[in-house]
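Remarks on the structure that follows.
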Amino acid sequence: MTLFPESQLQSIFEDVVKTDIIEEAFDGIFKVTEEDEKTKLITCLGTFKTFWNSLQQEAHEQCMRWVIGYIHTQHSPKRISFLYDCLAMAVETSLLPPRLVCEHAIASEHLEHEKAQLWALTFKFVHRMIGGVDYKGVRDLLKMILDKIQCVPTTVSASVVQQLQTAREVITYILDRNACLLPAYFAVNEIRKLYPEGKLGHWLLGSMLSDYVDSFRPTARINSICGRCSLLPVVNNSGAICNSWKLDPATLRFPLKGLLPYDKDLFEPQTTLLRYVLEQPYSRDMVCNMLGLNKQQKQRCPVLEDQLVDLVVVAMERSENEEDKFDDGGASQLLWQHLSSQLIFFVLFQFASFPHMVLSLHQKLAGRGLIKGRDHLMWVLLQFISGSIQKNALADFLPVMKLFDLLYPEKECIPVPDISKPQSTHAFAMTCIWIHLNKKAQSDHSKLQIPIPHSLKHHHDFLQQSLRNKNLTMIDYKIALLCNAFSTNSEYFPLPMGVLVETIYGNIKSTVTLPGSSSMASGSTTPLPMNLLDSLTVHAKMSLIHSIATRVIKLAHAKSSVALAPALVETYSRLLVYMEIESLGIKGFISQLLPNVFKSHAWGILHTLLEMFSYRMHHIQPHYRVQLLSHLHSLAAVPQTNQNQLHLCVESTALRLISGLGSSEVQPQLSRFLNDPKQLLSTGSEELNRALILTLARATHVTEKLVHANLDVTPGTWCKDILQTIMTLTPHNWASHTLSCFPLPLQAFFKQNSVAQENRVNLKKNVEEEYRKWKAMTSEVDLLNHFTAASAHPLFLCLLWKMLLETDHIRLATYKVLERIGARALSAHVRTFADFLVYEFSTSVGGQQVNRWIEILNDMVWKYNIVTLDRLVLCLALRCHEGNEAQVCFFIIQLLLLKPSDFRNRVNDFVKENSPEHWLQNDWHTKHMAYHKKYPEKLYFEGLTEQVSPPTPVQPQYLPIYFGNVCLRFLPVFDIVIHRFLELPPVAKSLETLLDHLGALYKFHDRPITYLYNTFHYYERKLREQPSLKRKLVQTVLGAQKENRPQGWCLSEMYHTARKEGNWTPDDSYYCKLIARLVDTMAGKSPGPFPNCDWRFNEFPNPAAHALHVTCVELMALAVPAKDVGNALINVVLKSQPLVPRENVTAWMNAIGLVITALPEPYWMVLNERIVSALNSPMLVADHHWVSFPFQLFDFASCHQSYSEMFCSYVLALAHAVWHHSSIGQLSLIPFFLKEVVKPLVKTEVQLLYVYHLVGPFLPRFQQERTRCMLEIAAEFYEMLQAVDQNCSHLACMDTICDFLYHVKYMFTGDSVKETTEKVICSLRTALQLRLRFITHISKMDQGSATIAAAVATSNTPAHSLTMHVGSSTSSASSASPIAASQSSVPVSTGPAQQ
């Protein structure tokens, strides 16, 4: 530390303040003239100035500390006052910086409230000086003064209160909005830090601080979403993965920006929201996202624990009130199943503590008398106990016995239940828990062994007796009971588990046939039923699935010639549906089982696993599906997979994976591969890469609303690298009618990257040339060498076509050429063949010739088995043809599918004999084999070898087929075919014909509603004028489900009735009832609007997701213009509707928000029109009406409760509900809307505040997800203020407007929109310039502002007069200039970081 001469400094001040004995003796009689006083001050200042300038910079702080200490040790008020005058003169002459002097004056340890005169003089001095301190210094001084006031006790002598008030006067001056010493936003931040919500201010400050904080409540309201606490998401919906639903993991509060005084309900823990999400099936990922929980970091979350416990209590209450049987698949059973899964996940990853939860449960259930659900509760606890007791201390599980004492008060033995019913396993749960606890105590040699409770004695005896029976059967649930009770006992467990395993494994001695020649499997065909699997604990299921996976790997290594038993494959598929065994289930399947099987080159088992994934798996998380897709592309490049059946299976599975990606899943999942896009793409299959582009187009259309031509849409989208890699691997073009449906960025990309196409005439010439060579060559060796050469044109299928056209004679060499070409290379031949066919048909004379050609084409598929129907149709549907050729291509597809009866017969028989509800069947294998015997799959050109002369039959070794057939393989192809037909309106009638004959196949579609939703959404423009086609699609796709679905599962009764009546225009009641159905579903109404179902096997993961999608499909299917539907939905809450309960209106707004944001743009853009109507309403345009209290006008909650309906407040609340559910793509249209539509309308202050309130709450979303939009919106805010300032003579809410703009700067934009703000602020009225001058550099502003700043700094002009007459304020104080200069030169903050 630099030293300075204290003695010299002391002598300077001693000389000035010393008095002689006479003066002291006759103080008050001697009169010191003003001239003498001034002379002393100037002398002192001159000496001090010389001393100060001689000091080094780093000594200034120490010097000032000494000076203040010297002043504060004086006892004479006169001396203190004189010395402060001396310092004031030093500040006014710019010798000392005012901030330094004030900070040391307040921070002095001698400044105490007991020294009342020193306190008063010091704060008077600070009051005098603070006008020259920069705004950040004023903020720091405010904090110091508030801290100093905190030291004043609650009781002081009344005599000193008046002097203590000087500190209050300084605070008053700092907080004076007209003085503008600092942004008021800074001041409220410091106040809220010291006095958060609910804490009272110091008595000395009275109500001043609370009034000041209250003045920010309008600003807080502007930044709040109306009714936010009532808004709920749909779990697994695209909007649910955004940042809108995040909560603080410690308090469950919303993460609010800034320290503004938000409404009380926003500071409350959002338990309703979290509990609602927890109650939804498949919600665990969303819960983790909401609370920021990371599986890799073990962190206990007590608030999550509490909500899980509360949810169990809710389940207990429902069980108490429910009279339904538990095992009927009702709501109670579904809830307990779900709770079991949730508890295991959150406790397993240590987000919740098991013993804490059990003790909390005991506390909340004590004295409630809820015992009907006790068995289900113990079943839930047993799930975790049985799986974790071996790895954890016994003490962690003993609290369960306290629950037992509470819930099982019986003195008599509880009777043994009927073990032929699955519910019996729940009745035995408590006994099983006791057995596990007792086993743990024995193995730990613990003294805590608990004798079997008397009430459980009969249960225990039954289990012990059952163990002695070595001939266990599957006729009841005895095996499940034994597995559950003894899964941790290595001595007893193998017996019941062995029976289960033996049931499904079968044995080599007993075999069954599989489709295809010489394909055999182990003989067990009946899988374990779902009821039995549901009756096993998680630990038992883990043991079973581990046993199955181990056996599969073992058989893969052994390369067994006998395939896996059908029962084993089906049972394994069923076990993979359980999320609670994910690590051994789907995760093990993807990351361990598949790689092991591939490494062993066990192609039969690999084929089986891919079939399982295609036809048996449900709700697989997207990252697993994309991981498998990457595996498949790697697999396709391996030479061993270049055989017809496996190659077909790999491509078919990949197609299902690609087309099955949800719109909200595409960008998050594919973005993981942007560094190496090849992992996601096929190197050889143009069809798969085209399918991926179609999926990208659909996902971009649904999630990114780039629909305006005047928006900035460059081809540099997030997926540009993927698109460029595709064009490198498989260069191709898109037909104009397909391209026109693409989102604009994709359209631009493909227009810029077009590929030269082969001339069809040249193709014809090449085919003729090659055919002449074929006929001329006699040597088989020459034929093989020429037509299978790597450099040969892929024309061989065209030649085959020519052969069949001209002669029925086929040479054996044909088969050998096809075999040598291989499955992978044959794809290129199919593409060329498709183009050749279109050319041939386009130039044909029609009539009999076309019939003959279709007959030959059909023979190539079914008679000669050269190419499968699904591959050929897929290729035709994805080729690039324009105009007449495109129509001809679709004509070929239609004829090929419908004219011959081969495929139609297969479809009709398959649909008639089979059910898609595979989880309820035990005879799938029998029906599967019967179908394949009637319609055998021939994938190795068998028909061709039988037709050559002489016939040369082949016996290829088929890989095992457990589930698939041409009908199921065709379904994802049919999806694409329908979409291609929709793109070309002239072929609409042909599409309806296809749907009539093949639509029944949608009975087996795994996502029929999603398919309709995507179709109606993506092709909204194409389908606008085709209501009959929309009806046809709905009737076909959903009608195909009617045999397997209960009444009312999808479309509303009103829609069904109206469809039969024909021409129908829905009225308001229709839309109200449709929304009511979604509201009731989300509220968990029992019985719900939709029939209960097992969500594990449903298309959607929970009731709300199902309700939302079926509602959207029905609305899009209406023969009503999109704009009319959108207006009708909005009118459900904006018009007075008798069907909408007033007390629940926010739930209805929430539902409307969900529905509208899930619909295409024309449906929800009508909301913008309502916003415009509200802005143009007399209330907002006629400024004087509401000028004194506009925020009451915007307060939806109070307007609604007081029955004072305000159109603008309803529109505001509804807009917030809609935008809260919107994707960032939808929100990204707001800047355009503000700039082009709203800004020209905003002329009044109330309109401006309305727009701020409308958009302000969504700035945090923009900041996190799309910063560019946030900056554009901020710029528009300033430009709208400029327009209002020029239009209005008086601004009543000037302070609120400025507070909001400071909030925007310090919480969001920083200096990023500095250019706009400086330009706008410089043009505003003087009072606004004064208030906003801290946002921009004052040196760049009009000089008048600087003058005002100077005036305000030293004047005592009342606040009200400054507001009205600030432009004419003047001051004659001679000290104003340096202070103003000091304030003018303060650097401006660069953003929130410098706050």
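The values are calculated or read from the model by the stated rules, or taken from the named source; none is laboratory data. This structure is a prediction, so every number in the text was calculated from the model and none was measured. Neighbour counts are summed over all protein chains in view; Cβ atoms, including those assigned to glycine, are modelled from backbone coordinates with ideal geometry. Accessible surface areas use protein heavy atoms only, side chains included; no ligands, DNA or RNA. Shrake-Rupley method; radii C 1.70, N 1.55, O 1.52, S 1.80 Å.
Give the relative contact order (percent, whole number) for segment 775-901; include only Cα pairs under 8 Å separated by 6+ residues.
24
Counting other Cβ atoms within 10 Å, which GluC sites (Glu not before Pro) in segment 1160-1248 have at most 15 and lie in a DSSP loop?
Here the GluC sites (Glu not before Pro) that fit, given the DSSP loop and packing criteria, are GLU1205.
Could you go through segment 270-275 in sequence order and give the Karplus-derived ³J(HN,Hα) for each residue, using 6.51 cos²θ - 1.76 cosθ + 1.60 with θ = phi - 60°, rounded to whole Hz, and x for Gly and Pro?
8, 5, 4, 4, 5, 5
Which entries of LYS1030/LYS1135; LYS440/LYS541; LYS1030/LYS1123; LYS411/LYS541 show an alpha-carbon separation above 22 angstrom in the structure shown?
Distance filter (> 22 Å) returns LYS1030/LYS1135; LYS411/LYS541.
Could you list the GluC sites (Glu not before Pro) in segment 88-129 that lie in coil according to DSSP, counting only those with at most 12 other Cβ atoms within 10 Å of their Cβ?
When the GluC sites (Glu not before Pro) of segment 88-129 are filtered for loop state and at most 12 Cβ neighbours within 10 Å, GLU109, GLU114 remain.
Apply the Kirkwood formula to segment 473-537: the hydrodynamic radius equals the inverse of the mean of 1/r over all pairs of different alpha-carbon atoms; give it in Å with one decimal.
Across segment 473-537, the inverse of the average 1/r is 13.3 Å.
Pull up the cross-link candidates among the lysines for LYS775, meaning alpha carbon to alpha carbon under 25 Å and not fewer than 8 places away within one chain.
Counting by Cα, and skipping residues close in sequence, LYS775 has these lysines nearby: LYS764, LYS765, LYS802, LYS816, LYS863.
So for the pair GLN363, VAL156, with labels modelled 7 Å out along Cα→Cβ, what separation do we get in nm?
In this crude spin-label approximation the distance works out to 4.3 nm.
So how do GLU651, GLU268, GLU412 rank on accessible area, 1.4 Å probe, biggest first, that is with the largest at the start?
Listed by decreasing accessible area, they come as GLU412, GLU268, GLU651.
Rounded, prolate or oblate for segment 562-676? Axes are the square roots of the Cα gyration tensor eigenvalues, ordered a ≥ b ≥ c, and the cut-off for rounded is a/c under 1.5.
Note, shape of segment 562-676 comes out oblate.
Taking a label point 7 Å from the Cα of ARG1045 along the Cα→Cβ vector, which residues of segment 1114-1132 have an amide N closer than 11 Å to it?
The answer is 1114.
So how far, in whole Å, is the C-alpha centre of segment 179-217 from the one of segment 1227-1294?
27
Full-extension gain between HIS454 and GLU1236, please, as 0.36 nm times their residue separation minus the C-alpha to C-alpha distance.
273.7 nm
Which cross-chain or sequence-distant (5 or more) residues have an amide H under 5 Å from the amide H of ALA563, H modelled 1.01 Å from N in plane?
MET520, ALA521, SER522
Helix 331-348 versus the longest principal axis of the chain: what is the Cα-based angle in degrees, 0 to 90, to the nearest 10?
That works out to roughly 70 degrees.
Over what distance in Å are the Cα centres of segment 262-285 and segment 366-432 separated?
Value for the Cα centre distance between the two parts: 29 Å.
Calculate how steeply helix 869-878 sits against the longest principal axis of the alpha-carbon atoms of the chain, using the helix alpha-carbon long axis, and give the answer as 0 to 90 degrees to the nearest 10.
40
Specify the inter-centroid distance of segment 858-917 and segment 156-177, based on alpha-carbon positions, in whole Å.
Computed from Cα coordinates, the inter-centre distance equals 90 Å.
For a test of the definition: using alpha carbon positions, the gyration tensor, and the 1.5 limit on a/c, classify segment 839-895 as rounded, prolate or oblate.
Since a/c reaches 1.5 but b/c is at least a/b, the shape of segment 839-895 is classed as oblate.
Would the chain count as rounded, prolate or oblate if I go by the C-alpha gyration tensor, calling it rounded below 1.5 in a/c and otherwise prolate when a/b exceeds b/c, oblate otherwise?
prolate
Which whole-Hz couplings ³J(HN,Hα) result when phi for each residue of segment 481-496 is put into the Karplus expression 6.51 cos²θ - 1.76 cosθ + 1.60, θ = phi - 60°, listed in order with x for Gly and Pro?
Listing the rounded values in order: 4, 5, 4, 5, 6, 10, 5, 9, 10, 5, 7, 9, 4, x, 5, x Hz.
Please get the size of the charge dipole for segment 111-169, origin at its Cα centre, with Cβ charges of +1 on Lys and Arg and -1 on Asp and Glu, quoted in debye to the nearest 20.
Once rounded to the nearest 20, the dipole reads 140 debye.
Take the Cβ-Cβ distance between ALA441 and ALA558 as r, set R0 to 35 Å, and report the resulting FRET efficiency rounded to the nearest 0.05.
Taking R0 as 35 Å, the efficiency between ALA441 and ALA558 is 0.25.
Explain nothing, just the number: relative contact order of the chain, from Cα pairs under 8 Å at least 6 residues apart, as a whole percent.
Over the chain, the number comes to 11 percent.
So what are the ³J(HN,Hα) numbers for segment 774-781, from phi and the Karplus equation (6.51, -1.76, 1.60; θ = phi - 60°), rounded to whole Hz, Gly and Pro as x?
Working through the residues one at a time gives 4, 5, 7, 7, 10, 7, 4, 4 Hz.
Round to the nearest 10 and give me the degree value, 0 to 90, for the angle of helix 848-858's Cα axis relative to the longest principal axis of the chain.
Roughly 80 degrees, rounded to the nearest 10.
Loop only per DSSP, at most 12 neighbouring Cβ atoms within 10 Å: give me the GluC sites (Glu not before Pro) in segment 286-378, ordered by residue number.
Filter output for segment 286-378: GLU323.
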